[in-house]
Amino acid sequence: MQFTSFLEDGTLTVVLTGEIDHHCAKRYIQAIDAKVEAYTPAVCILDFSEVSFIDSSGVAVVINALRAMKRMGGRLLLTGIGSQPMKVFQAAGVDKIIEIKEVTV
């Protein structure tokens, strides 16, 4: 598990990398929760441009980030989603409840 995050103008961007599966999902959830708690951003962007694979555990990471942002009245955006992760998000209905920007192929 590896990620980069930065805060700019009240927006927290978290750039996720590699494969998000049951081996690393819990750590991603904890790390994103800690960043949201520490910075209390108005918007959190999860950037998937460096993610090559997700399974249902990746969906859990996104749903937990959504819950954390809703608790503080903020919003969550997803960006840079490749074709395999997008298929998983669409199958789970994530694309219907969370705003998705700039999908990659």
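Filter the range 86-105 for residues that are among the β-branched types (Val, Ile, Thr) and touching a strand residue (DSSP E or B) at 6+ places or on another chain (Cβ under 9 Å); which is most open to solvent (accessible area, probe 1.4 Å)?
Of the range 86-105, the ones among the β-branched types (Val, Ile, Thr) are 88, 94, 97-98, 100, 103-105.
Subsequent filtering for residues that are touching a strand residue (DSSP E or B) at 6+ places or on another chain (Cβ under 9 Å) retains 88, 94, 98, 100, 103-104.
On the way: 88: 35, 94: 2, 98: 8, 100: 44, 103: 83, 104: 59 Å².
The residue in question is 103.
Looking at 33, 47 in this structure, which one is at pLDDT 95 or above, surrounded by 14 or more Cβ atoms within 10 Å (Cβ to Cβ), part of a strand (DSSP E or B) and among the charged types (D, E, K, R)?
After applying the criteria, what remains is 47.
Counting only residues that are polar (S, T, N, Q) and assigned to a strand (DSSP E or B), which one in the range 1-13 is most open to solvent (accessible area, probe 1.4 Å)? Walk me through it before giving the result.
Just the residues of the range 1-13 that are polar (S, T, N, Q), to begin with: 2, 4-5, 11, 13.
Subsequent filtering for residues that are assigned to a strand (DSSP E or B) retains 4-5, 11, 13.
On the way: 4: 82, 5: 35, 11: 37, 13: 18 Å².
Top of the filtered list is 4.
How many residues are outside any loop (DSSP other than H, G, I, E, B) and under 18 Å from residue 84 (Cβ atoms) if we restrict to the range 14-29? I'd like the intermediate steps shown before the answer.
Taking the range 14-29 and keeping what is outside any loop (DSSP other than H, G, I, E, B), we get 14-20, 25-29.
Still in the running and under 18 Å from residue 84 (Cβ atoms): 15-20, 25, 28.
Matching residues across the range 14-29 total 8.
Can you spot a residue in the range 54-65 that is open to solvent by 60 Å² or more (accessible area, probe 1.4 Å) and under 16 Å from residue 88 (Cβ atoms)? Spell out the reasoning first.
To start, the set of residues in the range 54-65 that are open to solvent by 60 Å² or more (accessible area, probe 1.4 Å) comprises 56.
Then keep just the ones that are under 16 Å from residue 88 (Cβ atoms); that gives 56.
Within the range 54-65 (the criterion being open to solvent by 60 Å² or more (accessible area, probe 1.4 Å) and under 16 Å from residue 88 (Cβ atoms)), the answer is yes, since at least one residue qualifies.
Suppose we filter the range 66-85 for residues that are part of a helix (DSSP H, G or I) and open to solvent by 20 Å² or more (accessible area, probe 1.4 Å); how many remain? Break it down into steps so the answer makes sense when it comes.
Pass one, the range 66-85, residues part of a helix (DSSP H, G or I): 66-71, 83-85.
Those still in the list that are open to solvent by 20 Å² or more (accessible area, probe 1.4 Å) too: 66-67, 70-71, 83-84.
So the answer is 6.
The values are calculated or read from the model by the stated rules, or taken from the named source; none is laboratory data. Here the structure is a predicted model, which is why all the values come from computation and not from measurement. As a convention, Cβ positions derive from the backbone with ideal geometry for all residues, glycine included, and neighbour counts pool all protein chains shown. Heavy atoms of the whole protein, side chains included, go into the accessibility calculation; ligands, DNA and RNA do not. Shrake-Rupley method; radii C 1.70, N 1.55, O 1.52, S 1.80 Å.
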